[in-house]
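Please treat every number below as a calculation from the coordinates, not as lab data. Everything numeric here is computed off the predicted structure, so don't read it as measured data. As a convention, Cβ positions derive from the backbone with ideal geometry for all residues, glycine included, and neighbour counts pool all protein chains shown.
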Amino acid sequence: MKKQHIVLLSGVLLILAFVLGGYFYKKQQSNKIGFMARENAATFIREHSQTLGNDDAKVYIVEFLDPACETCSAFYPYVKSLMAANPGKIKLVIRYAPFHDGADYFVRILEAARKQGKYWETLEVMYKSQPYWASHHNPQPQLIWQFLPGAGLNLEKIANDMNDPEIVKLIKQDIADATTLNVRKTPEFFVNGKPLPSFGYDQLKELVEAEIKANY
């Protein structure tokens, strides 16, 4: 009987240790990035959100973008330069706010490219070719297809995968979160959950540097 009691007690202690270990790990991870500990953390980052950068980074730039947005294209290299200047300290999180007419078409292509491991290559091709297909007076979304081979994509697979209904759900969720966060234009940035005091390159740089200083 004593042996059975010891075995039972050991099992209970192991389970308790596992539960407590998981709790403290999650708490530690949440505390690492203050804004992620909030109840509305998922509004900033969803499980489906595409990310770039070190998973242990303590500064998160959450960007709501529209692939057809000229300003998003202009800011993209600037954000990458901020990351390069602070290696390992910044993680970029992409959210969608396809406000331009038909912009969800390009989001669906991006998400289909993600299945081929070519997300970032495709985003860069889109931004570089944007003037050809995203004219506000005469948009021609089909023209994007002549540029996509530059990302090393299987176009037949893209044409099929971009119709996945899960992508539509993903876009709807991002738009809902954008509405909750009062995102009305693109790009819209949040740094560790904080919005820019006003829009601009310098404002983004200053907020990022302030968060780096506060967290490192």
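Bridge orientation summary for segment 43-215: considering DSSP beta bridges with both residues in this region, about 60 percent are antiparallel. Step through the table entries Lys91/Lys157; Lys185/Lys205; Lys91/Lys115; Lys80/Lys118; Lys89/Lys172, compare each Cα-Cα distance with 27 Å, and write down the pairs that go over it. Distance filter (> 27 Å) returns Lys91/Lys157; Lys89/Lys172. Note on Met126, Met83: ascending count of other Cβ atoms within 10 Å places them as Met83, Met126, the fewest first.
Charge tally for Leu204 (other residues, Cβ to Cβ under 13 Å; Lys, Arg +1; Asp, Glu -1): -3.
The peptide list 74-81, 140-147, 189-196, put in order of mean Cβ contacts within 10 Å with the highest first, becomes 189-196, 74-81, 140-147. When only the Cβ of Lys, Arg, Asp and Glu is charged (+1, +1, -1, -1), the dipole of segment 59-216 relative to its Cα centre reaches about 280 debye. Counting only residues at least eight positions apart within a chain, or on another chain, the aspartates and glutamates with an alpha carbon under 15 Å from that of Lys128 are Asp66, Glu70.
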